[in-house]
1. Give the residues of the stretch 261-278 that are at pLDDT 85 or above and either surrounded by fewer than 19 Cβ atoms within 10 Å (Cβ to Cβ) or part of a helix (DSSP H, G or I) (or both), sorted by residue number.
2. I'd like the residue in the stretch 227-247 that is buried (at least 20 other Cβ atoms within 10 Å of the Cβ) and among the aliphatic types (A, V, I, L, M) and, out of all such residues, is nearest to Leu121 (Cα to Cα).
3. If I ask for residues that are outside any loop (DSSP other than H, G, I, E, B), in contact with a Phe, Trp or Tyr (Cβ under 9 Å, 6 or more places away or on another chain) and at pLDDT 50 or above, which ones from the stretch 1-49 would you list?
4. Quick one: is Ala76 over 25 Å from the mean Cα position of the chain (by Cα), modelled with pLDDT under 90 and surrounded by fewer than 19 Cβ atoms within 10 Å (Cβ to Cβ)?
5. crowded, with 17+ Cβ neighbours inside 10 Å, outside the structural domain of Thr48 (by TED's automatic domain parsing), of a type in the set (A, V, I, L, M) and under 14 Å from the mean Cα position of the chain (by Cα), is that true of Ile224?
6. Residue check: is Leu136 modelled with pLDDT of 95 or more, closer than 22 Å to His206 by Cα, of a type in the set (A, V, I, L, M) and surrounded by 15 or more Cβ atoms within 10 Å (Cβ to Cβ)?
7. Just checking, how many residues over the stretch 164-183 are under 18 Å from the mean Cα position of the chain (by Cα) and exposed (fewer than 15 other Cβ atoms within 10 Å of the Cβ)?
8. Looking only at the stretch 150-163, filter to residues that are over 15 Å from Asn180 (Cα atoms) and over 16 Å from the mean Cα position of the chain (by Cα); which one of those is surrounded by the most Cβ atoms within 10 Å (Cβ to Cβ)?
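The values are calculated or read from the model by the stated rules, or taken from the named source; none is laboratory data. Here the structure is a predicted model, which is why all the values come from computation and not from measurement. Here the Cβ is made from the backbone with ideal geometry for all residues, glycine too, and neighbour counts use every protein chain on show.
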Amino acid sequence: MLGYFKIFLGVKTMSFAKKFDLELDDLPSMTPRISKILKQNRITSVSTLAATSLRELVGLYIDSDTAQTLIDEADATMRQSGFGFVMGSKLLDEVDQVEVLTTGCKSLDVLLGGGLDTQRLYEFYGPNGVGKTNFLHQLICTAMLPKSKGGLASRVVYIDAEGNFSTKRIRMIAPEFDLNVNQVIKNIPLIKIHNISELLSTLEHHLYPEMEQTGARVVLLDSITYNVRGEYIGEKNLPIRQGTLGKIAHALKKASQAFNAVVVVVNQITKNPKTDEVTYSGGNVLGHAVQVRVSMTKAEKESNDLYKKDSTSHKIRFFVDKAVDLPRQSCIVMMDSRGFRDIEPGSQDAQEEVKAKQEV
């Protein structure tokens, strides 16, 4: 396994974003002064410039007319390079480029149609303590597996908005996949987020360069609504809350497509005070933006015998809440100190899982 790490970590991974390698200085209205300002603010490619808002460029002391012209030129350049309307034959080519990342649990991979597809934005939501952050830590490990074992042989960008990233947890999970713990930890580009401004800046200006430089093909965000809910409180801030979530989701989806990457966010839950209905946080904007939404809950009727053996073990139900190409089904897996794993065939828990699937 150490030899494998030397192979994939010693050579910069070829980025799927090769088609985005367009120089800022080639734009007709670009000047050396503006180019320097943009690069100092991590706007280093035409694709990043095209995704930058007019307000942000004006904030860098670029006059509004010039800023709008540059955005328009960047957008036109991107379209000439293959963006915009495409024929179905090109879509078939893009499908052939999709890769699949294992979750480390066969039953969950089956539920997700084989695993986590690249070029998709996934959301896993659930109550506090259900294991969302633990699940992301497991994906860090599976992403670094060789492709022959269901991984992507990739570094993982981890955006920590809640401050819950744990090297101790990695040390518990990585050995289950025969990974060198220190190598895994060394190859996680990690950024801690403290407010909305930092999160937007990271996604709009720093994420692309980081993925290009490190070859990361997996992006994990814990969690997508934490800062938004904390800073934009109450109904009066609903429009700006929704607009901000839209920007976040848009930036993440673009990254998934630009780098042929798996992007996974975890999310909190909220309760409707009028109906007492419990659902994902973020409202309609986030609801429409994510391509696959999966709920995580602690499975009911957990075996007493299980707790006698290991008091840290829990049965977690994953349910596909939204996906255009996946059925609304569920599976139950075990979560313990070693991470998430399949329930052993023939056990009482396996029988309960079969019954649970029949009831959905």
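1. Listed by number, the residues that qualify are Gln268, Ile269, Thr270.
2. Leu245
3. Ile37, Val46, Ser47, Thr48
4. yes
5. Working: crowded, with 17+ Cβ neighbours inside 10 Å: yes; outside the structural domain of Thr48 (by TED's automatic domain parsing): yes; of a type in the set (A, V, I, L, M): yes; under 14 Å from the mean Cα position of the chain (by Cα): yes.
Considered against the rule, which asks whether it is crowded, with 17+ Cβ neighbours inside 10 Å, outside the structural domain of Thr48 (by TED's automatic domain parsing), of a type in the set (A, V, I, L, M) and under 14 Å from the mean Cα position of the chain (by Cα), Ile224 comes out as yes.
6. Yes, satisfied.
7. So the count comes out to 1.
8. Going through the qualifying residues, I end up with Gly150.
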